[in-house]
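Everything on this sheet refers to the single structure shown next.
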Amino acid sequence: MKISRFLRIVSVLIAVILSLCACQSEQPEIIPEYNPSSDQSDLDGIELVWGFSMSRYNEDVDNVFGFIPGTAFADQALERKKNVESDLNCVITVDNDSSSYVIGDRLNASLASGSHLYDLATCDSSILRTLVRGGGYFIGLSSLLDVQNTEKWGTPSMLQMMLWEDDLYGVVPFAWPDLLYSTTGHIFAVNETLVSMLGQADPREYVENLTWNWDKLEEVLEAYTYQDAGKTVYGMQCHDAYFGMNMFLSNGVAFSAYENGEVVCGAYTEPGRVALERAKDIYNNTCTDYIYPDAAPGDLKYITNGDVVMEVISHGALFSTDSSLLYQMENIGVLPFPQGPNATPGVYSSYYEQIAFTTSIPVNTVDAQAAAMVLSEMFEPFEGLETKDDIADYMTDQVFFDKRDAEIFIKTIANTEYGFFWEGGRAVLELSVSSNDSVSTILESHEDIYDELVEDYLEKHYAGRIAVYGE
């Protein structure tokens with residue numbers, strides 16, 4: 001199938017000519033600012049150990065910076081490593097493991113004992129976040145990397161889990177599309193063959209003409225539900241929590257925001273309440289007959305078996321392994337969540353619970369500046385994929401069935417934000433759909449919990465965001 005080409009060696013990806021970076025003179029007490037324009041680039045043969053988890057695959061530990069060996073990106077990553085070692089005069093030793101928890105446990109033990117283990121650590125952000133909040137375990141990156149380059153390191157909303165109090169303590173390889181794009185957010189997968197069979201317009205057109213809104217969602221759910229030899233084929237399958245959270249964000253509401261000098265939780269704003277009310281109404285009232293009754297998350301069988309026309313799935317379920325949807329089916333389209341009246345037209349978003357391949361620099365690294373230089377050079381874009389347009393063209397050719405899918409996907413990724421799942425922040429958004437109680441009752445009963453969430457987490461995350469990116 002078409003997605004398989006995404007994992008094959010293709011001639012368009014050739015070795016990258018790396019731009020040389022520089023190091024400042026080493027200072028024992030102060031971490032010097034990284035100056036990428038300097039002409040000095042000799043790290044004197046230093047060895048840096050990089051703990052790297054291939055967590056999205058959960059297969060074996062044989063991987064190349066998260067890529068399957070023998071694929072185009074794996075070959076590029078190996079060539080990149082070779083060039084970085086040569087250009088910067090250093091040795092990069094990679095410690096791979098298939099589990100983020102293993103990398104996290106090893107890192108935790110070394111930090112607790114004060115012994116050196118890793119100079120760079122890459123794993124799920126949910127593992128790293130606890131160490132970030134503990135304070136003093138990772139080095140702030142805003143003086144070592146050009147973190148304002150969001151095209152390379154990720155947007156502030158995407159990095160919110162790694163922002164804390166006064167700095168940014170982890171970045172993501174935003175310029176490496178396969179690595180990041182397959183681990184973040186949720187999206188509608190659409191069986192375009194069934195849509196065409198039903199005589200319906202291609203739903204991508206609604207995104208193009210800015211009519212993909214809540215009312216249109218209700219229309220297509222009804223239109224996509226039909227009988228086939230006594231079997232009901234439903235318009236959609238979606239986990240109730242996924243539906244509540246994404247509908248909430250689709251009304252231009254952030255889970256947390258900085259307004260008038262204070263941090264607020266979006267669920268307790270008027271646009272947030274409106275979004276939750278509408279999500280509840282669609283899921284449990286106006287469209288309940290058009291939504292598959294099993295709300296289990298993450299199982300592709302509903303769309304692959306032809307039980308539904310659309311299914312809300314994670315990006316990882318869309319493409320990342322040979323069991324992902326684009327390996328199993330042809331003519332799959334993608335759609336963002338439809339927009340509410342408070343959203344900016346054409347600006348789509350999603351949420352994440354964790355991001356694989358988040359990278360931090362531990363405080364017991366042998367050289368923080370050297371680690372930052374290696375990180376920066378390794379995560380430069382691959383040749384031919386320097387811009388979003390380049391990436392959209394590549395993903396259209398190698399992954400999706402329509403360029404509009406690639407464009408939708410990239411736009412949604414750019415606005416993804418952390419939903420504070422691990423801190424219990426999803427409770428109101430999930431209950432608003434699944435509970436029989438009214439949204440007002442749910443909000444009132446959880447107000448004290450969310451006040452604590454703001455005080456314990458959101459304010460400190462936003463302090464880091466403001467310190468790094470400003471208000």
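Descriptive notes on the structure:
- Single unsatisfied condition, LYS82 versus (1) modelled with pLDDT under 85; (2) farther than 15 Å from PHE379 by Cβ: (1)
- Flag for ILE313 being modelled with pLDDT under 90 and under 22 Å from LYS216 (Cβ atoms): yes
- Region 148-174, residues that are in contact with a Pro (Cβ under 9 Å, 6 or more places away or on another chain) and more than 17 Å from GLY185 (Cβ to Cβ): GLU151, LYS152, TRP153, LEU163, LEU168
- Matching entry among LEU168, LEU117, LEU141, LEU88 (being crowded, with 16+ Cβ neighbours inside 10 Å, farther than 23 Å from TYR457 by Cα, at pLDDT 95 or above and not acidic (Asp, Glu)): LEU88
- The set of residues in region 288-298 that are surrounded by 15 or more Cβ atoms within 10 Å (Cβ to Cβ) and part of a loop (DSSP other than H, G, I, E, B) comprises TYR292, ALA295, PRO297.
- Counting only residues that are part of a helix (DSSP H, G or I) and within 22 Å of LEU43 (Cα to Cα), region 84-125 holds 5 of them.
- Hits in region 440-455 (condition: within 26 Å of GLY140 (Cα to Cα) and open to solvent by less than 70 Å² (accessible area, probe 1.4 Å)): LEU453, VAL454
- The lone criterion from (1) of a type in the set (Ser, Thr, Tyr); (2) over 20 Å from the mean Cα position of the chain (by Cα); (3) open to solvent by less than 20 Å² (accessible area, probe 1.4 Å) left unmet by TYR351 is number (2).
- Residue that is surrounded by the fewest Cβ atoms within 10 Å (Cβ to Cβ) [pool: residues in region 256-265 that are within 19 Å of HIS446 (Cβ to Cβ) and at pLDDT below 85]: ALA257
- Residues that are in a helix (DSSP H, G or I) and free of Cβ contacts under 8 Å to residues at least 60 places away in the same chain within region 411-430 comprise just one, ALA427.
- Applying the condition of being surrounded by 19 or more Cβ atoms within 10 Å (Cβ to Cβ) and of a type in the set (Asp, Glu) to region 381-408 and asking which residue is farthest from LEU120 (Cα to Cα) yields ASP405.
- Qualifying residue in region 356-375 (condition: assigned to a helix (DSSP H, G or I), open to solvent by 30 Å² or more (accessible area, probe 1.4 Å) and either under 30 Å from ILE139 (Cα atoms) or aliphatic (A, V, I, L, M) (or both)): no
- Residues being surrounded by fewer than 18 Cβ atoms within 10 Å (Cβ to Cβ) and in a loop (DSSP other than H, G, I, E, B) - total across region 212-227: 0
- Checked against the criterion of being over 17 Å from ASN415 (Cα atoms) and in contact with a Pro (Cβ under 6 Å, 6 or more places away or on another chain), the candidates LEU221, LEU210 yield just one match: LEU210.
- Here ILE313 clears all of (1) more than 15 Å from HIS239 (Cα to Cα); (2) outside any helix (DSSP H, G or I); (3) in contact with a Leu (Cβ under 7 Å, 6 or more places away or on another chain) except the condition numbered (1).
- When ALA463 is tested against the conditions (1) small (Gly, Ala, Ser); (2) assigned to a helix (DSSP H, G or I); (3) more than 30 Å from HIS116 (Cα to Cα), the lone failure is (3).
- Residue count for region 144-155, restricted to those that are within 14 Å of the chain's Cα centre (by Cα) and open to solvent by less than 30 Å² (accessible area, probe 1.4 Å): 4
- Some residue of region 32-40 being open to solvent by less than 50 Å² (accessible area, probe 1.4 Å), modelled with pLDDT of 90 or more and assigned to a loop (DSSP other than H, G, I, E, B): no
- Of all residues in region 220-247 being among the acidic types (Asp, Glu) and under 21 Å from GLN339 (Cβ atoms), the one that is modelled with the lowest pLDDT: ASP240
- Test: TYR302 is open to solvent by 20 Å² or more (accessible area, probe 1.4 Å), touching a residue at least 24 places away in the same chain (Cβ under 8 Å), outside any loop (DSSP other than H, G, I, E, B) and of a type outside the set (Val, Ile, Thr): no
- From ALA275, ALA296, ALA254, residue being over 30 Å from GLY470 (Cα atoms) and hydrophobic (A, V, I, L, M, F, W, C): ALA296
- Residue within region 266-287 that is open to solvent by 50 Å² or more (accessible area, probe 1.4 Å), closer than 22 Å to GLU219 by Cβ, touching a Gly at 6+ places or on another chain (Cβ under 9 Å) and without any contact (Cβ under 8 Å) to a residue 60 or more places away in the chain present: no
- Flag for LEU111 being within 24 Å of the chain's Cα centre (by Cα) and surrounded by 19 or more Cβ atoms within 10 Å (Cβ to Cβ): no
The values are calculated or read from the model by the stated rules, or taken from the named source; none is laboratory data. These numbers were taken from a predicted model, which means no experiment stands behind them. Positions of Cβ are generated from backbone atoms using ideal geometry, with glycine treated the same way; all protein chains shown enter the neighbour counts. Just the protein is used for accessible areas: all its heavy atoms, side chains included, with ligands, DNA and RNA removed. Shrake-Rupley method; radii C 1.70, N 1.55, O 1.52, S 1.80 Å.
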